[in-house]
Amino acid sequence: MNKMRKQKSRDKSILDNQRFTMLLSLALAILVWVIVTTLVRPGTSQTIDNVPINFEYDASKYTSLGLDIVNQPSGSVSLYLEGNGYDLGGLVASDFVVYPDYSAVRGAGTAELKLRVRALDSQVETRVTATITGRQTTAEVVFDTVVEKSFPVTVETSGITTAEGYVLNRVTTAPAEVTVRGPESEVEAIGRVVAQVSIDEQLSDSRLVQVELQPVDREGEPVALEYTVLDNAMVDATVSVYQLAELPLRVDFINLPSGFDPSTLNYTLSRESLIVAGPARQLAELTELAVASFDLASSFSMDKDFQLPVELPSGIVSQENITAVTLSFDTSGLAQKVLNIPADNVRVINLPSSYELKVESRRINNVVLVGPAEELENISASNVIARINAEDFQVEVGQENIPVQIVIPSSSSIFAVGSYTVQCAVTTR
């Protein structure tokens, strides 16, 4: 009997001990309370500072109206978070987006918009309450239709002076064009974009300077731009300064017969000289200026004046409003004489040895000669040569009219006027 009682006593579990069970329950309750209060922590709160305002979030609400934000706003707020400790743990500013409520925007203008906040994680959104705390609960945003427009840079040179003997040639800028971007109302107020170049010395050489750009209205008054920006606020201005010089004018005579001396021509130009400007080094190499060439054989006529355009060398510019000069010949001592030149007086030069040329015309009729009257009296057809230069045309087998140059070997002051040809037959040897 005693043995059975001892056996039953040994078979009882420690859990059957009421006192132990009560102590265990109390310990478990304390453990659960510790877990809840230390890990879950219901009713916990915390503050996150310096959360930036995102002005591009939900932007479709105003871009769908054709609007843009033009005042480039910025800012940050503090967030007050409420929830259990588990959910709040590890949250940072980038887990939330703070943005203006654009639903109230109806058109262009300034709007004071309420700031909204939301968690980027949907689970955080449902478990954590986030509110904006502090003074900044709204943001001022300016809306307008944003446009772009390009303007050539207009250079103002009133602030540039040159030394004596020099002149301002031109001023160029790089870039030569700027683009402005901003509210339509501001951009449309711009008439020009000006680069006011000013140098505090008298220039005798070219310069490169940096110049600030200034938008002005159509009356030339500065335009105050609050929101409009230029893609370039500064430009490089190249100030080109030229030296002045007065150079004599001359005319070049072309298509002259062999042996003719153009100095025997008695002529004048309506302008003896011209004031020009150019790079100092280039001007130093010039002693005179040649106007357009004059074709003596095809253009000369007795008692007639000729207008010739002034053709200046590249880089040289005229400082006078002169684009042409008048060429006049003194023909008081000249005379004309008409002769028929026999075919025997035709001479061929530079003909390739594989070809043979035969003149088929019997004569060259009505050749007009011009020269001093006394010399012309002694000139006859036998004194005149008609020269064919095979280098002046493409030599081909067959018959063709070939131009000739009239030459008077015995005189350096007589020339032929007009163009003349002879019928020739070209064969191979």
Please determine, by comparing only the residues of the stretch 169-188 that are open to solvent by 40 Å² or more (accessible area, probe 1.4 Å) and over 22 Å from the mean Cα position of the chain (by Cα), which one is modelled with the lowest pLDDT.
Ser185
Please pick out the residue among Ala163, Ala233, Ala245 that is crowded, with 18+ Cβ neighbours inside 10 Å and among the small types (Gly, Ala, Ser).
Ala245
Can you tell me which residue in the stretch 150-176 is nearest to Leu247 (Cα to Cα), limited to those that are touching a Leu at 6+ places or on another chain (Cβ under 8 Å) and of a type in the set (A, V, I, L, M, F, W, C)?
Val167
Every residue in the stretch 205-230 that is modelled with pLDDT of 95 or more, in contact with a Ser or Thr (Cβ under 9 Å, 6 or more places away or on another chain) and open to solvent by 50 Å² or more (accessible area, probe 1.4 Å), please.
Leu208
Glu356 fails exactly one of the following numbered conditions: (1) touching a residue at least 12 places away in the same chain (Cβ under 8 Å); (2) open to solvent by less than 60 Å² (accessible area, probe 1.4 Å); (3) on the phi < 0 side of the Ramachandran plot. What is the number of that condition?
(2)
Ile254 vs (1) β-branched (Val, Ile, Thr); (2) modelled with pLDDT under 95; (3) open to solvent by less than 60 Å² (accessible area, probe 1.4 Å): all pass except (3)
Need pairs with beta-carbon distance below 7 Å; first residue more than 15 Å from Phe143 (Cα to Cα) and within the stretch 50-68, second part of a helix (DSSP H, G or I); sequence gap 6+ or separate chains.
Asn50/Ala93; Val51/Ala93
Checking the structure you have, find out if any residue of the stretch 97-107 is open to solvent by 40 Å² or more (accessible area, probe 1.4 Å), of a type outside the set (D, E, K, R) and assigned to a loop (DSSP other than H, G, I, E, B).
no
Go through the stretch 84-96 and count every residue that is open to solvent by 10 Å² or more (accessible area, probe 1.4 Å) and farther than 13 Å from Thr47 by Cβ.
7
Every residue from the stretch 318-339 that is within 30 Å of Tyr166 (Cβ to Cβ) and in a strand (DSSP E or B)
Ser318, Ala324, Val325
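The values are calculated or read from the model by the stated rules, or taken from the named source; none is laboratory data. Not measured: the values here are computed from a predicted model. Positions of Cβ are backbone-derived with ideal geometry, glycine not excepted, and every protein chain shown enters the neighbour counts. Areas reflect the complete protein model, heavy atoms only, side chains present, ligands, DNA and RNA absent. Shrake-Rupley method; radii C 1.70, N 1.55, O 1.52, S 1.80 Å.
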